[in-house]
Amino acid sequence: MTFAGRRVRILCDADFALSMCEQIFGDIPVTDAAPAHATFRISAPDDVPQLECDGKVLYSGTLSGDLANHLVGETIYHLCDVCDSGLVFHAAALHGHGITVALPANSGSGKTTLTGWLLTQGFAYLTDELVHIPTGTQTLVPFTRPLNFKTPSFDLIKNEFGVDARSEECLHGSWASLVPHRQLGEPFRYHTPELTHVVYPKYSADAEPHLTPVTPARSGLSLMETLVNARNLEGHGFGEVSRLTRKLDAFQVGYSSFDQAAELLLPALGIKSAG
């Protein structure tokens, strides 16, 4: 599996492993890359699913979602640990209505749930986890995987978005479930559009709704907080981040409901609500 010019190898030694990897990574195109610098193995000794990396057991248990989430997390770590070809952000991303939006955020901000809702508003899915901006460009290269909904929000998205939780394509775990983006949005097409907007989301059940334009300087500081490969870049990537933010429109949005998100965010992006 390759991303941002880096590669890891995944060996599938169990019947379920190949279909699981296809579910998780099947939308990431295979490209030329350096030799793999980490090798994962999925097996089932004594009929118990197991994930290893370079001989070390990372997970052993019966929950497909937990194994899948360990695999995604470790894969991302090994890809980003050596990536120096551009900026890699912990961010969701969508394309539609003539714009491309990144949602950089730390865990717990609600970015995946907001991503799912934006898919119902005419956007096309790119990722809910990781984006790569090659040096000197605005090109957004997504790490496309199923949406990763934390367990507390899963009941919400089942009801709000019509997700079929019983689908064999949903990988359920003890703390999160991976849900195919095809259940929520338009037919998928992998592409690498030009990034135009950055939205910093903050969901809270008691949030005071607000939308605030963010200056390039402040946006740069916020992006640095989600830059996962800074140590590999010249100047820790600060110069590249500053260059990028001067070319983008940026907003911070706080909300406690999708109605508030529709009222605040969609007009700022120049979009009419799909209802």
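Computed from the coordinates by the stated procedures, all read-outs in this text should not be read as laboratory data. Because the structure is predicted, anything quoted here is derived from the model rather than measured. Methodologically, a virtual Cβ is constructed for each residue, glycine included, from the backbone with ideal geometry; neighbour enumeration extends over all protein chains shown.
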| task | Would you please put 114-124, 220-230 in order of how densely packed they are, using the mean number of other Cβ atoms within 10 angstrom per residue and starting with the highest? | result | 114-124, 220-230
| Which of N106, L87, G26 sits farthest toward the positive end of the charge dipole of the chain, with +1 on the Cβ of Lys and Arg and -1 on the Cβ of Asp and Glu? | L87
| field | Spacing of the two label points (7 Å from each Cα toward its C-beta) at L63 and E225, in nm | value | 2.8 nm
| Cα centroid of the stretch 80-100 to Cα centroid of the stretch 102-151, whole Å | 8 Å
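Based on Cβ point charges of +1 for Lys and Arg and -1 for Asp and Glu, what charge dipole magnitude is obtained for the stretch 198-263 about its Cα centre, in debye rounded to the nearest 20?
Dipole about the Cα centre, nearest 20: 380 debye.
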| query | For the stretch 78-220, what class follows from the C-alpha gyration tensor (a ≥ b ≥ c being the square roots of its eigenvalues): rounded when a/c is under 1.5, otherwise prolate if a/b is larger than b/c, else oblate? | reply | prolate
| field | Between the stretch 174-224 and the stretch 237-275, the Cα center-to-center distance that results, in Å | value | 8 Å
| Which of the peptides 88-100, 72-84 is most tightly packed, and how do the rest follow, going by the mean number of other Cβ atoms within 10 Å of each residue? | 88-100, 72-84
| field | Reported label for calculated mean projected area of the Cα convex hull in nm² given (1) 14.1; (2) 14.9; (3) 23.8 | value | (1)
| remark: Simple spin-label estimate for S174/E194, 7 Å along Cα→Cβ, in nm, reads 4.8 nm
| request: Could you check which residue among E208, E240, E263 shows the biggest mean-square fluctuation in a GNM of the chain with a 10 Å Cα cutoff? | output: E208
| query | Per residue of the chain, what 222 nm ellipticity follows from adding -39500 (n - 2.57) for every DSSP H run with n ≥ 4, rounded to the nearest 500? | reply | -8500 deg cm²/dmol
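Taking every DSSP beta bridge that has both residues in the stretch 2-80, what percent is antiparallel when rounded to the nearest 5?
70 percent
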| query | With Cβ to Cβ distances under 11 Å as the rule, what net charge do the other residues near D81 carry (K, R +1; D, E -1)? | reply | 0
| field | Relative packing of 14-25, 192-203, 125-136, which averages over residues the other C-beta atoms within 10 Å, highest first | value | 125-136, 192-203, 14-25
| request: With a Förster radius of 25 Å, plug the Cβ-Cβ distance of D206 and A268 into 1/(1 + (r/R0)^6) and report the FRET value to the nearest 0.05. | output: 0.65
| Which pairs break 27 Å Cα to Cα here: K56/K158; K158/K247; K111/K158; K247/K272; K56/K202? | K56/K158; K158/K247; K56/K202
| Under unit Cβ charges (Lys, Arg +1; Asp, Glu -1), what dipole magnitude, rounded to 20 debye, does the stretch 54-188 have relative to its Cα centre? | 180 debye
| field | Residues S256 and T137, FRET efficiency given R0 of 30 Å [Cβ-Cβ distance, rounded to 0.05] | value | 0.25
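Taking the Cα centre of the chain as origin, sum charge times position over the Cβ atoms of Lys and Arg (+1) and Asp and Glu (-1), and report the length of that vector in debye to the nearest 20.
For the chain, the charge dipole is close to 760 debye.
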| said: Can you give the FRET efficiency to the nearest 0.05 for S167 and A36, using r as the Cβ-Cβ distance and R₀ = 35 Å? | reply: 0.65
| note | In the chain the DSSP beta bridges are antiparallel at a rate, in percent to nearest 5, of 75 percent
